[in-house]
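The numbers here are math on the coordinates, done by the rules we state, and not lab data. Because the structure is a prediction, the values reported are computed rather than measured. Using ideal geometry, Cβ is built from the backbone for each residue, glycine included, and neighbour counts are taken over all protein chains shown.
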């Protein structure tokens, strides 16, 4: 018998030298090539979107998505894959909503009705079973609402119609300028005795899709909770024009949505345990839940499958991380953030040292870069890496928001990062029935996964500054 | 009567000071705001695409597009609008093409046929009226074809199946690596006695759309010209697999396309005459013709309407150019470049001093920047402007290709520039029946128009270096 061991040992050393001798340029090129020629993200998204579909927290589809992604992660040969239990809210839409505008011509008894496209906002109460009909008052701001006061609002439906600003280059900024109408519109309107709320959909496009999304009643007592729905942008324009012509028109809507008891669900987690610093954790994730109208391909099926592919691409590219890299598929980002909070809570309980967290939750469009919520020292390190990303047209490296799910992990030392894809088309699909698979481009999705993997590779290799303004631990 | 004149004069001076005192940042912000809130490009594209449609050179639709764009330019209050006559080739597709793969199972007399999606390449001859049926040989390169030689090729159909490389980040680079199969495939195959050519569509997506595009027989005599068609990528994969299993399968195709006599058409030109240097010309353009399968929204309806909007946005933003700015809508880029050649020829005859030319012919996607074919001095000037574009996420400023239509204007002194939009989805639609209006996003189109306008504003304001490596004329 020939002694093979020494040869294998030498071979291992040689392979390790070869791998270590690769420049960052070469490793990153390999990551992109793997993703574009041998990526799995698009296939996974196809299954999530077309075999499962919309994955609202607490729904059967959400549980199917948990089972599917766990099974797929298990196939990757990671060091650990597990489910992290978390109780989530369960809100159900019920029957399709129905709404119309009613006008009465002078001198005629019969009313004319014009059907419009609405959908209940997530978390809203139902109308009474026969629906609500009332006069409707358009406002653009809460200040305007306040100025009208109880005298003009009581017994009426409030129509929030402040559009997203088209001149802003970042559509997320435009969204941020409007979303308080959706989230807090009901609480504000109920102060003045309104009986319902209709909100212009958060979209820059004029079309017929109503866009749902979370709203909150805060600590409003049950009897003060008024039903809230979104109306498509085309119908918001129509309603506004009709109101300009005749303030006495009525609006009717009917919705049968319902908040049920919390149910058990899960974050799905997979890990490659670090070879040198296993107790330093770097996570990458997206959220597994989605709204129910579309199939949640952009929000956030894309982030889920990209995050899964990050761990696979590391392995396929022959990278053995020094630190423990986890993919975390968060449950319930859309209407509760329970998964993100739970993950951070457990990490704290266990004393796990999280040094880095990356989230992809801005759609599967061409990646442009990242925004970073971190210390100057870590940000400056990132800026030094910019040239490595130039061949891939990744140019956006700015301080800013990381992501909702990873937010609860925030400390002075951790680096939070958010993938920043091109944002122009995101809100055309966001929370609407046209957030579907055919609107995700395979290459754009794969470029995102490669870009995320490259950032994780660099942070794993060069380390994260443990405390702001101290020298980075360069391993 | 009160003397108003002095007041008006003072007012004019004040307004002029205000306008001149605007920083470049302010002017560019105004251009983007105008385009995003008050742009015309999307409406124009809607008409070109949905009221007119595909605009193949020499077709009735192409003439409709000439008339429509001239009329729209005339509404803008430019200093001049005119048509520049140019003779263009007229190729017609005729009846829809038809093709199938024929397999014979051993021991059975009857053949099984599988229909596949093809389209004639632009410029191809027809098959005979009953179609061609022959054995088919797959090759990836002209070298492979040559190695097979007459013995293996004579009497057969050649199937070029080299795919675009997915690992290249620029899809235009991937296209450049394959397009010789389409353009010269027939000439090469006919050397060895092939009777027809089938080319894998130039697309990175696997789908059912065949993509047409120009091919050339060079100076091949008529009797040696063999029919050429593109096959969809899905069917190229199918055909390749079937050939792997059985080399004896036959391929049938039938097409009735035809090259007619040249006909008269036009470039459409509009001009704002310069206030200080009217004999220095800066042009911006796209091509008005398109292929016939789709409606040519991305190629190049987008470039046409963006170029038209550049002149309108300059006016709307209160910019009075020092140099003469022309929009040129070129005819016949796709299969002849007659419009581009004619424009340059007339410019030369008239001794017009063209200092700058910008083309948009890469789709209506989110703009990323420009490539420049110019002297170092002019390119360095551009690099100094980069920070002005940063708020609009315009980051790509590289030396490279300007554009096909403006190419004939090239001299040592002129600056040629090409708009570079995000390229990931371009070849999903290029020259295929799915190059249609609904695949153009309004904001992305408008951002492109604003980006082009901003570059023209800067070159007009700061001037173009007349001779390489000399100091720029700073006006």
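Over region B:94-256, calculate the relative contact order: mean separation of alpha carbon pairs under 8 Å at least 6 apart, over the residue count, as a percent.
In percent, rounded to a whole number, it is 37.
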Cα-derived Rg over Rh, computed across chain B with Rh taken as Kirkwood radius: 1.05
7 Å along Cα→Cβ, label-point gaps from residue A:143 to other copies, nm, shortest first: 7.0
Distance from region A:371-428 to region A:238-314 (C-alpha centre basis), Å: 20 Å
Relative contact order of region B:345-475, defined on C-alpha pairs under 8 angstrom at six or more residues apart (%): 35 percent
Residues of region B:321-347 with amide N under 11 Å of a point placed 7 Å along Cα→Cβ from residue B:276: B:321-323
Average beta carbon contacts from partner chains per residue of B:171-181, 10 Å cutoff: 0
Cα-projected label distance for residue B:258 with residue A:462, points at 7 Å along beta-carbon direction, nm: 6.6 nm
Per the axis that maps chain A onto chain B, nearest residue of A (Cβ criterion) and its distance in Å: A:395, 2
Helix axis angle, A:179-190 relative to chain A longest principal axis, alpha carbon, degrees: 40 degrees
Range of Cα positions in region A:163-218 per principal axis (Å), largest first: 36, 22, 17
Rg in Å to one decimal, and Dmax rounded to a whole Å, for the protein assembly as shown via C-alpha atoms: 30.8, 120
Label point distance in nm, residue A:112-residue A:219, each placed 7 Å from Cα along Cα→Cβ: 4.9 nm
Contact order relative to length of chain A, as percent, for alpha carbon pairs under 8 angstrom and 6 or more apart: 20 percent
On Cα atoms only, tilt of B:338-349 relative to the major axis of chain B in degrees: 40 degrees
Helix axis angle, B:24-38 relative to chain B longest principal axis, alpha carbon, degrees: 60 degrees
Copy-to-copy label separations for residue A:258, where each label sits 7 Å from Cα toward Cβ, in nm and ascending: 6.9
Cα-projected label distance for residue B:240 with residue B:151, points at 7 Å along beta-carbon direction, nm: 2.7 nm
Pseudo-label separations to other copies for residue B:75 - Cα-to-Cβ vector, 7 Å, nm: 5.5
Virtual paramagnetic centre 7 Å along Cα→Cβ of residue B:248, amide N under 16 Å, in region B:74-112: B:102-112
